[in-house]
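Here is the structure we will look at, set down as C-alpha cells.
The values are calculated or read from the model by the stated rules, or taken from the named source; none is laboratory data. What you see is a predicted model, and the numbers here were worked out from it, not measured in a lab. Heads up, the Cβs are rebuilt from the backbone with ideal geometry, glycines too, and the neighbour counts pull from every protein chain shown. Heads up: the accessible areas ignore ligands, DNA and RNA and are worked out on the full protein's heavy atoms, side chains in. Shrake-Rupley method; radii C 1.70, N 1.55, O 1.52, S 1.80 Å.
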Amino acid sequence: LDDPGLRIVASSSHLSKETEEFVSLFDSPEFVQVGSSLKMIMVAEGLAHMYPRLAPTCEWDTAAADIIVREAGGVVLQAGVCNSEGKALEDWR
C-alpha cells in the first residue's frame, strides 16, 4: 500500500465504487482503464502491478487470462465469496 506509483489496471466499462475505494488505498497509483482481458495480460507481461476486479465476473471472462498470468509466475486471487449470480456475499476488505 505504501509503494508509490504502482500501475493498477481496471475495467473501462465496469468500474465500481468498490474498485475506486480499493485504488484509493495506494500511494499515488498510476490508474489505467483498459477493456477486455487485456488487464490480466498486462499483469502477466509486467506492464501493470495488479488488476482489482471488485465487481461480478464469470469464469469464462477470466479463464484464458488466468492461465497466462499463472504461467508468467503471477497469481489470481478471489477477493471474498460470491453467489452463483456473482453477487458478493462478503466484503472484500
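Criterion first (under 13 Å from I8 (Cα atoms), open to solvent by less than 50 Å² (accessible area, probe 1.4 Å), of a type in the set (A, V, I, L, M, F, W, C) and assigned to a loop (DSSP other than H, G, I, E, B)) does A48 satisfy it? It is true that A48 is under 13 Å from I8 (Cα atoms), open to solvent by less than 50 Å² (accessible area, probe 1.4 Å), of a type in the set (A, V, I, L, M, F, W, C) and assigned to a loop (DSSP other than H, G, I, E, B).
Residues that are open to solvent by less than 70 Å² (accessible area, probe 1.4 Å), closer than 20 Å to T19 by Cβ and either part of a loop (DSSP other than H, G, I, E, B) or without any contact (Cβ under 8 Å) to a residue 24 or more places away in the chain (or both) occur at least once in segment 69-78.
Being under 11 Å from the mean Cα position of the chain (by Cα), closer than 24 Å to D91 by Cβ and assigned to a strand (DSSP E or B) is the requirement here; does A55 meet it? No, not satisfied. E85 meets each of the listed conditions (1) in contact with a helix residue (DSSP H, G or I) (Cβ under 9 Å, 6 or more places away or on another chain); (2) more than 23 Å from L1 (Cβ to Cβ); (3) part of a loop (DSSP other than H, G, I, E, B) apart from (1). Inside segment 20-45, can you point out the residues that are open to solvent by 80 Å² or more (accessible area, probe 1.4 Å) and either assigned to a helix (DSSP H, G or I) or in contact with a Gly (Cβ under 7 Å, 6 or more places away or on another chain) (or both)? Hits for segment 20-45 are E20, S24, S28, E30, L38, E45.
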